[in-house]
Every structure is written in structure tokens, then in C-alpha cells.
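What follows is one structure encoded as C-alpha cells, with my remarks underneath.
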Amino acid sequence: MTNHPADYAPPAIWTWEKESGGAFANINRPVAGATHDHILPVGKHPLQLYSMATPNGVKVTIMLEELLAAGHSGAEYDAWLIDIRSGAQFGSDFVAINPNSKIPALVDGSTPTPTRLFESGSILLYLAEKFGAFLPTDPAKRSEALNWLFWQMGSAPYLGGGFGHFYAYAPFKIEYCIDRFTMEVKRQLDVLNRHLADHDYMAGDSYSIADIAIWPWYGAVVSNTVYEAAEFLQVHEYAHLMRWTEQIAARPAVQRGRMVNRSWGPAEEQLHERHEASDFETRTQDKIGDPDAAG
């Protein structure tokens, strides 16, 4: 980008003439659809997950690991890495599952016709209903869990695409954008903190898909594992949210789910692919394979 923000005036008609700049600029484009042919691998389990360990991807791997920990053997799954940094999400098979070209995407082969699933909230709800777990059956409590599930789906774009982009990834800092989205993110943190002052979990006294959806985004901000903005946001002000964040982080299934499809950070926290529970112990390169193979 060549113009300083103060010098920019929108043209009468926008045209795509240059990359937007900043992180992920190489994969940003104003059109949908596949850019290349690519056949996705398929493993031995009915559930096939194609994803990456971003906050949206982590929601689904945590859910699957929680289901397995709760004794739902039908939740066994194969997790394949889709490296969004290289544009693997624009491969033809992936686009056939998710025309929006975003991770995560899941195929359930146990249904008469394989069921495609995209959007992390939709996947969480589908799995909760399929296995009868992590979603209260009491109508009032179920509604509360869904309230917070959809709150997360609507709020996180302001956190990630708004604050996270302009604070951490934009090619230069724009005071107006950072101020605007910081204000909104702190309001969201306050919403969560006030609610958790009176509740153990998002839907009340039971752990649910609402917690599984919210923790990978807001817990990561509070624990300073995304954006490195904890001090900037003064997250210590949100004591109840911090308590909840640590409570969720201590769950073994959460710790496992956070590793799946992760290809950065300390090696001991990475599991590029997951095909069986023993992969967490072995994590050998022959099982993990090439992290770019899905692209």
C-alpha cells in the first residue's frame, strides 16, 4: 500500500489492483471458488476434519477430544492439516466441502449420504446433537448455551478481523482503527467478565459448546497466546474471565485439542495430523507427514 491513511479517498468504483498488504495478503482476493485442483486425503474414520489450529479450528478439535474423553467412541476422527498460509483452502475438494474457503471443514461419512459441514459453530452444534453431549437438554439452559455460541460467532470477527488485524498484522498502525476495535474488544471482555462473575461456565453450571467456542478466541487473548496484546488490553482487569480461561485450559481434552493441526510454536505442542489417540504420544514424522501435503 502506498497511501498514508490520512491521504486516502475511496475511488468511485473499487478495483482489485494490488495486494492489501500485511500478513496473509498473498491469499486475500475478492472472488470465491477454487484456484487449483486438489484431492483431499481420507482416513479410516467416519469423521474427516480438514483444518488448522487457528482459534476457529481449535474449537472443533477440542470438541472431538472432549467427546472421546466422555466415552463417545463414534467421535474418532482423522484430522488433516489445511495450511491456509499457502492457500490450501482454495483447493477443489476443500471448496466442495466449504464454498467459503475457510477452515474448519468436516465430513461425516456415517450418514447415508456423507454430510458436509462448515462454519465452526455449525460443526459444534451438529456434533453436540449427534452425540447428545455438551449441550443442555433443559430448554432454558439449551437456549443459554446457544445464545453464547452465536454471540461468539458474531463477536469474534471484531476481535480477529478487527482488533487482531490492525493491532498485529496490518502493514502499518492506524490509530483510528486500533482505537475503535480496542474499545469494542474491551467491551466484549467486560461482557464475558460480568457474566462469569455469576456463572462457572457460559451456560451456567455445566460445560458446553458455548465454552468450547469462546475459549479458543477470548481465552487466547487473556492468556496472551494470540496478538501479544494482554498488557495493551489490561486483561488483568477481567478476573472472572481469567479464572474461567484457566479452568478450561486445565482440561486434558482441551490441551490435546489445541495441539491438533498445529504447525508452529514449540515442537511438543504440534500434531500436524491426528488419526488415533496414540498420535499424541508418538508424534513421529512418518505419522505427521508433510505439513504442506494438504496444499
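The figures follow:
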| item | result |
| --- | --- |
| Long-range neighbours under 6 Å by Cβ, at least six apart or interchain, first residue on the phi > 0 side of the Ramachandran plot within the range 131-148, second of a type outside the set (D, E, K, R) and assigned to a loop (DSSP other than H, G, I, E, B) | 134/208 |
| When residues of the range 200-218 are limited to those that are in a loop (DSSP other than H, G, I, E, B) and either at pLDDT below 95 or acidic (Asp, Glu) (or both), the one nearest to residue 67 (Cα to Cα) | 205 |
| Residue satisfying condition, being of a type in the set (A, V, I, L, M) and within 15 Å of the chain's Cα centre (by Cα), within set 67, 81 | 81 |
| Residue in the range 229-248 that is in a loop (DSSP other than H, G, I, E, B), within 21 Å of the chain's Cα centre (by Cα) and either free of Cβ contacts under 8 Å to residues at least 24 places away in the same chain or surrounded by 15 or more Cβ atoms within 10 Å (Cβ to Cβ) (or both) present | yes |
| Output for the range 139-194, where each listed residue is in contact with a His (Cβ under 9 Å, 6 or more places away or on another chain) and surrounded by fewer than 16 Cβ atoms within 10 Å (Cβ to Cβ) | 172, 194 |
| Odd one out for residue 170, checked against (1) in contact with a Gly (Cβ under 7 Å, 6 or more places away or on another chain); (2) under 20 Å from residue 98 (Cα atoms) | (2) |
| Pairs where the first residue, in the range 203-219, is of a type in the set (D, E, K, R) and the second is crowded, with 24+ Cβ neighbours inside 10 Å, C-beta under 6 Å, 6+ apart | 211/202 |
| Residue among 221, 260 that alone is surrounded by 15 or more Cβ atoms within 10 Å (Cβ to Cβ), at pLDDT 95 or above, closer than 22 Å to residue 125 by Cβ and of a type in the set (Val, Ile, Thr) | 260 |
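The values are calculated or read from the model by the stated rules, or taken from the named source; none is laboratory data. Here the structure is a predicted model, which is why all the values come from computation and not from measurement. No Cβ is skipped: glycine too gets one built from the backbone with ideal geometry, and neighbour counts run over all protein chains shown.
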